[in-house]
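Below is one structure; the comments refer to it alone.
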Amino acid sequence: MESIYWVLSWLCHRKCEHCYEDRFHPYYGHELAEVVQEAEQNFAPIITNLPPNMLYCDAADGLQKKRGRIILAGGEILLEPVRRTVLYPALDLLYEKYKNVGGVELIVQTTGDLVNGRIIEELLAHHVDLISVSGLDEYHEGLEQEPARLALRAKLTQLFETNGIRQFPTDAARSTQIGPFYNFFGATTDSWIGKIWPRGRAHTNELSTATLADNFCNAWSGGLNFLDSAHGGSEVSIEPNGNVYPCCMKTKKAIGNLRTESLSYILQRLRGNPVYEAISMGHPERMGIQHGWSVEKFYQKSITTLPSGKQYQNLCIGCDKFHDEVLSPVIQIKSGTSEHFSDS
């Protein structure tokens, strides 16, 4: 598989208004203990059920076999309650699992403001190939103004390069270079997430500028090619409890749970299913045809009313409603954790 995006913990030190997931926020007291415990208890069983190797065939390069990547994120996974007890042992387990079967690129995603020299040294000691700073945008508190973002970027660049980490190269140069690397991104207008997913607090706060013409499914981190795990373009998203989804935005129902079954089995089970084949082909509007939902009906269901009373329309809304109205009655729950289509 080319990519796995794994949210190790819901813990975050921020509650950003543009966040796609309401569960990312600070936790305290017994709630903090529960969030940390969930992450600590689940990461090892999840790793056991990840693919036996992380190799994929790149059709753009003559089907050359290449190593895939696992992105470990939060929330903010560098926070002390989860950094040492979850992130570092997870990195070590992943490195050991794949080191003799083609390897894996290990990426840690962070908002960036917690990064310091000691943490960089620790990340490198735990086999990290890329430190990806995702918080350089106006939505993050303290970084609303461009000078503040430039100052943080300059500070981190110096820290990274002092520790022998280079800026992430272009795709063309990457195959001939060896990390570790760093990169920067954020929810800016020129980025792939610039229109903001209609999810979580971003949806409640009416921040998404995406329209019906913006098909998040038919793009990277959407559902596109998620079932074609042997080839480039395949990615899934994992939650701290092991639930797995075909996209980072996440469908309303999980496609399985990695505490109880392997990712390879989950994907194999869904191949040929018209709903998930439509998602994998980047055409969510066709997911309901077999269930009596024409494309026109899906478009109609993609309309919702925002808290302000304005109407909003995007394919993600139609996907949510299809899951609520059609899939929920025919999805089974296995062992109380894994949700999937009935085989009957």
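Descriptive notes on the structure:
- Averaging over all projection directions, the Cα-based convex hull of the chain occupies 17.8 nm² in the image plane.
- The range 1-61: trypsin sites (Lys or Arg not before Pro) in DSSP loop, at most 15 other beta carbons within 10 Å: LYS15
- The range 1-157 - Kirkwood radius from inverse mean 1/r over Cα pairs (Å): 16.7 Å
- Computed about its Cα centre, the charge dipole of the range 41-127 is approximately 280 debye, with only Lys, Arg, Asp and Glu carrying charge at their Cβ.
- Listed residues LEU93, VAL115, HIS127: farthest to the positive end of the dipole of the range 87-128 (Cβ charges): LEU93
- With Cα atoms, 0 to 90° folded angle of helix 29-48 axis to the chain main axis: 80 degrees
- Helix-only CD estimate at 222 nm, as mean residue ellipticity for the chain, using -39500 (n - 2.57) per DSSP H run (n ≥ 4): -8000 deg cm²/dmol
- Residue by residue, the range 2-8 carries 3J(HN,Hα) couplings of 6, 8, 10, 9, 10, 7, 6 Hz when phi is fed to the Karplus relation 6.51 cos²θ - 1.76 cosθ + 1.60 (θ = phi - 60°); x denotes Gly or Pro.
- DSSP beta bridge pairing in the chain, given as percent antiparallel to the nearest 5: 40 percent
- Extension gain, LYS297 back to LEU212 (0.36 nm per residue minus Cα-Cα distance, nm): 29.3 nm
- Efficiency of FRET from Cβ geometry, THR204 and GLU146, R₀ 25 Å, rounded to 0.05: 0.40
- Column: log10 I(q)/I(0), Debye, Cα scatterers of the range 186-281, q = 0.12, 0.18, 0.24 Å⁻¹: -0.41, -0.87, -1.27
- Dividing the radius of gyration of the alpha carbons in the range 76-224 by their Kirkwood radius gives 0.99 for Rg/Rh.
- Computed on the Cα trace of the range 95-145, the radius of gyration divided by the Kirkwood hydrodynamic radius gives Rg/Rh = 1.12.
- Point-charge dipole on Cβ atoms (K/R +1, D/E -1) for the chain, about Cα centre, debye to 20: 440 debye
- Of LEU87, LEU106, LEU124, the residue with the greatest mean-square motion in the GNM of the chain, using alpha carbon springs below 10 Å, is LEU124.
- Rounded to the nearest whole Hz, the Karplus-based 3J(HN,Hα) values (6.51 cos²θ - 1.76 cosθ + 1.60, θ = phi - 60°) of the range 81-94 follow the sequence x, 10, 5, 7, 8, 10, 4, 5, x, 5, 4, 5, 5, 5, with x at glycine and proline.
- The phi-based Karplus calculation (6.51 cos²θ - 1.76 cosθ + 1.60; θ = phi - 60°) puts the 3J(HN,Hα) values of the range 196-208 at 6, 5, x, 9, x, 5, 4, 6, 4, 8, 6, 8, 6 Hz, whole numbers, x for Gly and Pro.
- Once backbone amide H atoms are built at 1.01 Å from N, GLY233 has GLU2 as its partners under 5 Å, excluding neighbours fewer than 5 places away on the same chain.
- Built amide H within the under 5 Å cut-off of ALA219, gap 5+: LEU224
- Whether the range 40-82 is rounded, prolate or oblate, judged on the alpha carbon gyration tensor where a/c under 1.5 counts as rounded: oblate
- Candidate cross-link partners of LYS253 among the lysines, defined by an alpha-carbon separation under 23 Å and a same-chain spacing of 8 or more, comprise LYS297, LYS301, LYS321, LYS334.
- Sequence-distant contacts, meaning Cα pairs under 8 Å at least 6 residues apart, place the relative contact order of the chain at 18 percent.
Every number in this text was worked out from the coordinates using simple rules, so none of it is lab data. Note that the coordinates shown come from a computational prediction; the quantities given were computed from them, not determined experimentally. Every residue, glycine among them, receives a Cβ derived from its backbone with ideal geometry; neighbour counts consider all protein chains shown.
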